[in-house]
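First comes the structure, then the notes that go with it.
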Amino acid sequence: MSGTYKATGINLKTTPSGESDRLLTILTEEFGLIRAIAPGARKHKSSLGGRSGLFVVNQLLIVQGRSLDKVIQAESLESYPGLSQSLSKLTAGQYLAELALCQALSNQPQADLLYLMREHLSRIEKSPATLACLTHASFHLLALAGITPQVQECCLTRRVITPDLDDPNWRIGFSVVSGGIVQLAELENLSSSRPQKKSNTSSSTTSEASNGFSAQKHPDWLTQLNALELWLLQQLAQPNFIEELLQANEMILEPVYHQAWLSIERVLRHYAQYHLDRPIRSAALIDACFAPANAPSPCP
């Protein structure tokens with residue numbers, strides 16, 4: 001990649017730069033993650049103005065620079081105007097963009113990641129089940145990163161787990177550190193062996209040193225899910241699960257499902273933060289948009 005090059009990409013982050021420029025973080029199909037200046041994009045009549053907006057997909061002509069590349073031409077291919085018309089949808093899009101930025105690579109093709117972003121942003125924009133679509137998208141991005149949680153069988157016993165939807169008291173454990181669902185008896189063993197914070201010491205335990213998002217720092221490293229929550233979680237690998245569920249059962253929009261999606265989203269969020277070893281800063285906005293003020297924590 002040298003001189004002038006073409007790329008197809010989506011703007012995942014935009015920042016004002018100088019008097020009238022924008023600094024863009026772009027996920028491209030051909031070259032992965034790139035940062036480039038859109039000169040004069042903040043001027044009133046700039047041809048790059050709308051094309052440098054968040055979540056706009058462009059065919060780009062870019063000049064390579066010493067420190068930053070420069071966008072000299074952009075032709076819009078797709079945008080998602082419905083996201084900006086709803087605070088919850090815009091927040092979901094920003095959350096998904098941040099998750100993509102956590103795993104995107106530079107100087108490597110990222111066609112699959114770009115495809116997933118475009119597909120799921122479109123679903124978030126159009127669907128009435130915003131939180132469900134965001135959770136679905138998060139699961140697929142984790143799968144693409146190769147860190148899919150184990151949701152079909154117990155991580156420790158390897159027994160296949162089938163939720164009992166007729167039992168309101170049915171529960172299963174979820175261990176972020178173990179990598180997925182764990183039977184309750186095993187979950188209790190994990191909880192009892194959880195590292196305890198020591199006082200009067202400056203050293204960390206071996207387990208803490210091995211991961212920046214350690215068990216002690218993690219707020220929800222052990223969680224319980226009910227039968228509905230596990231059943232929904234087990235279906236997320238299906239590519240069109242949310243659309244098919246909406247067509248088959250409009251109950252997905254009722255409060256009991258909303259609370260289930262809240263629990264699943266939080267589980268996947270903490271799982272992603274732990275295994276990607278970085279916080280998702282827009283997570284607080286997700287809580288503000290989707291969680292009632294008196295919503296209980298998914299922690300037992």
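Any read-out appearing in this document is the output of simple, stated calculations on the displayed coordinates, not a laboratory observation. Predicted model, so just to flag it, every value in this text is computed and none were measured. Cβ placement follows ideal geometry from the backbone for every residue including glycine, while neighbour counts extend to all protein chains displayed.
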- Note on the structure: Any aspartates and glutamates whose Cα falls less than 20 Å from that of residue 13, other than same-chain ones fewer than 8 residues away, would be 21, 29, 30, 69, 75, 78, 98, 112, 119, 125
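By average Cβ neighbour count within 10 Å, what is the ranking of 41-54, 121-134 from highest down? List each step's numbers first, then the result.
Working: 41-54: 16.7, 121-134: 20.9.
Descending packing order for the listed peptides: 121-134, 41-54.
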- Note on the structure: In nanometres, the difference between 0.36 nm per residue of separation and the alpha-carbon distance of residue 281 and residue 87 is 68.2 nm
- residue 66 versus residue 143, label points 7 Å from Cα toward the beta carbon: distance in nm? 4.6
- Item | Relative contact order of the chain, defined on C-alpha pairs under 8 angstrom at six or more residues apart (%) | 15
- Item | Estimated inter-spin distance, residue 78 and residue 243, nm [label 7 Å along Cα→Cβ] | 1.2
- Could you calculate the FRET efficiency of residue 256 with residue 45 from 1/(1 + (r/R0)^6), where r is the beta carbon distance between them and R0 is 30 Å, rounded to 0.05? 0.05
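If I require 27 Å or longer along the helix axis, counting alpha carbons, and a Kyte-Doolittle average no lower than -1.0, what helices from the chain are left? Use full DSSP H segments. Walk me through the intermediate numbers first.
Details: long enough: 255-276 (31 Å, -0.38).
The answer, listed by residue number, is 255-276.
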- For the chain, the charge dipole (Cβ of Lys, Arg +1; Cβ of Asp, Glu -1; about the Cα centre) points to a positive end, and the Cα of 228, 50, 88 closest to that extreme belongs to 50
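Determine the calculated [θ] at 222 nm for the chain from helices alone, applying -39500 (n - 2.57) to every DSSP H run no shorter than 4 residues and normalising by the residue count; nearest 500 deg cm²/dmol.
-11000 deg cm²/dmol
Please give the contour-minus-distance gain from residue 158 to residue 119: 0.36 nm per residue of separation, less the Cα-Cα distance, rounded to one decimal in nm.
Working: separation 39, 0.36 × 39 = 14.04 nm, distance 3.32 nm.
Full extension from residue 158 to residue 119 adds 10.7 nm.
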- Label residue 112 and residue 166 with points 7 Å out from Cα along Cα→Cβ: what is the distance between them in nm? 4.0
- Note on the structure: Burial-style ranking of 56-66, 234-244, average other-beta-carbon count within 10 Å with highest first, yields 56-66, 234-244
- What order, most packed first, do the peptides 74-86, 167-179 have when packing is the mean number of other Cβ atoms within 10 Å of each residue? 167-179, 74-86
